[in-house]
1. Restricting attention to the stretch 21-51, which residues are touching a helix residue (DSSP H, G or I) at 6+ places or on another chain (Cβ under 9 Å) and of a type in the set (Val, Ile, Thr)?
2. Taking Glu152 as the residue in question, decide whether it is assigned by TED's automatic domain parsing to the domain that holds Thr380 and at negative phi.
3. Among Val191, Val157, which is at pLDDT 90 or above and out of contact with any Gly (no Cβ under 7 Å at 6 or more places or on another chain)?
4. Determine which single condition Gln51 fails, assuming it passes every other condition in (1) farther than 30 Å from Leu20 by Cβ; (2) polar (S, T, N, Q); (3) exposed (fewer than 12 other Cβ atoms within 10 Å of the Cβ).
5. Do any helices (runs of 4 or more DSSP H) entirely within the stretch 212-329 hold 1 or more residues that are out of contact with any His (no Cβ under 9 Å at 6 or more places or on another chain), of a type in the set (A, V, I, L, M) and not assigned by TED's automatic domain parsing to the domain that holds Asn372, and if so, which?
6. Pairs needed: first member in the stretch 207-231, on the phi > 0 side of the Ramachandran plot; second member anywhere, acidic (Asp, Glu); C-beta distance under 8 Å; at least 6 residues apart or different chains.
7. Just to be sure, is Leu140 touching a residue at least 60 places away in the same chain (Cβ under 8 Å), within 30 Å of Ile108 (Cβ to Cβ) and surrounded by 13 or more Cβ atoms within 10 Å (Cβ to Cβ)?
8. Within the stretch 274-296, track down each residue that is exposed (fewer than 15 other Cβ atoms within 10 Å of the Cβ) and over 20 Å from Ala376 (Cα atoms).
Amino acid sequence: MYILCRKICKVLSLPLTLELKTKSHRFRRSSANLQRVTSVTNSPIFTDFSQMLSGTSTIRAYRTEKQFFEQCIKSFNVHNASYTLVQLANNWLGLRLDFLGGFISFFIGAISVGLKGNNFISAGWLGLALSYSIEVTGFLKHGVRMIATIEEQMTSVERVLHYADNIEPEAPETIPDKDPKEGTWPKVGAVEITNASMRYRDGPLVLRDLSVSIQGGEKIGVVGRTGSGKSSLMIVLFRITELSNGIISIDDIDTATVGTNALRSSLSIIPQEPVLFSNTVRYNLDPFYDKTEEELWTVLEKVQLADAIKALPSTLNEPVAEGGENFSQGQRQLICIARALLRKPRILVMDEATASIDNETDALIQKMIRENFREATVLTIAHRLNTIMDSDKILVLDNGKLAEFDTPSVLLDKQDGIFKAMVAKSMVRKSGSSNSLRALTAV
């Protein structure tokens, strides 16, 4: 009788095992994809939240709270839909595993009832068998779900491997054989751009066969209509995006042949939106702690921030709030200028650094630049044309190409010139004339 029962158990265990394998396979295949979708729908929620957190004042100013609130609800609904599908898949698996566990309990009960007259199994052993048959269901659920969870979490590894294997890495930070010694390059700050072309990924060219020669110490204003390639020129200068064609040389050294660390540490940039770290004032001025406290106060005096910093409770050790919210827009920009001044760069890039501040602070910052970077080569992407009218030369870009490059006075005298038209349009807005701007070129 015992042998007969073993044979019956083996015969019945085969379809049960196949059924378990089939159900678990279907569940794991769908669960991994559903979890991937859920992970993707998470991102818009955090994006919306961070946007509203940083732009609360702008949202309130334009009274677009309802629009952003509806966008958040939409993101949550999409995420909840995918999350609900994950829970439904879990319930689908649980129901079928409960059915298999119930079938096992039914099988044990049927054998005990059918062999009741033969005293095949005692009441105690029967109770133990039924108890274990109920627990088997839980173990099956846990086992299948753990396997599915591992597969789901491996989607993160899959994404990391995608970034590691399928995305071209940036150029190396250091090239020992080619990198110039620290502090020896650049000495003059001359920039030579020859037949430079650049595109973003697989898009169209945003810089087209651009060639320009900038002498060391020259102050160059870069202007052009939106999309003309002004910011792209700065991006290729720092090698954030590599050139598709052409060469950029600094002091007769091709920037593509040196490491990115040697190149970027030799340049400084003052961006349109000042970047401040949630740390102390000292850290924001000198992140690598290379300078003495005396040097820090010297540059603060030069940018007329010393009195404001001394008035703080902890002076240089005063914490800076997230995004520099405890400083005004002008003060944040002056801190960025002080940080650039500490590095004593031979080449300084200003990417519309005064576009978001008032005219009075703009004039102060322009004065700081002229006084403290006399010997440096300064490339200024202009938002207000009056800020670059005293530049040595004006570089006008049009559709990624070099349209004009000469002194402001020459360009203002050029008939049908792009720069002259931009100046005229700017002065019409101010109800003035181009003569006032022409006067600035003599400064």
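1. Hits for the stretch 21-51 are Val37, Thr38, Val40, Thr41, Ile45, Thr47.
2. Working: assigned by TED's automatic domain parsing to the domain that holds Thr380: no; at negative phi: yes.
No.
3. Values: Val157 fails: at pLDDT 90 or above.
Going through Val191, Val157 in turn, the sole match is Val191.
4. Condition not satisfied by Gln51: (3).
5. 281-285, 293-302, 306-310
6. Gly217/Glu375; Gly224/Asp398
7. Numbers: touching a residue at least 60 places away in the same chain (Cβ under 8 Å): yes; within 30 Å of Ile108 (Cβ to Cβ): yes; surrounded by 13 or more Cβ atoms within 10 Å (Cβ to Cβ): yes.
Criteria met by Leu140.
8. Val275, Phe277, Ser278, Asn279, Pro287, Phe288, Tyr289, Asp290, Thr292, Glu293, Glu294, listed by residue number.
The values are calculated or read from the model by the stated rules, or taken from the named source; none is laboratory data. These figures come from a predicted structure and were not determined experimentally. Heads up, the Cβs are rebuilt from the backbone with ideal geometry, glycines too, and the neighbour counts pull from every protein chain shown.
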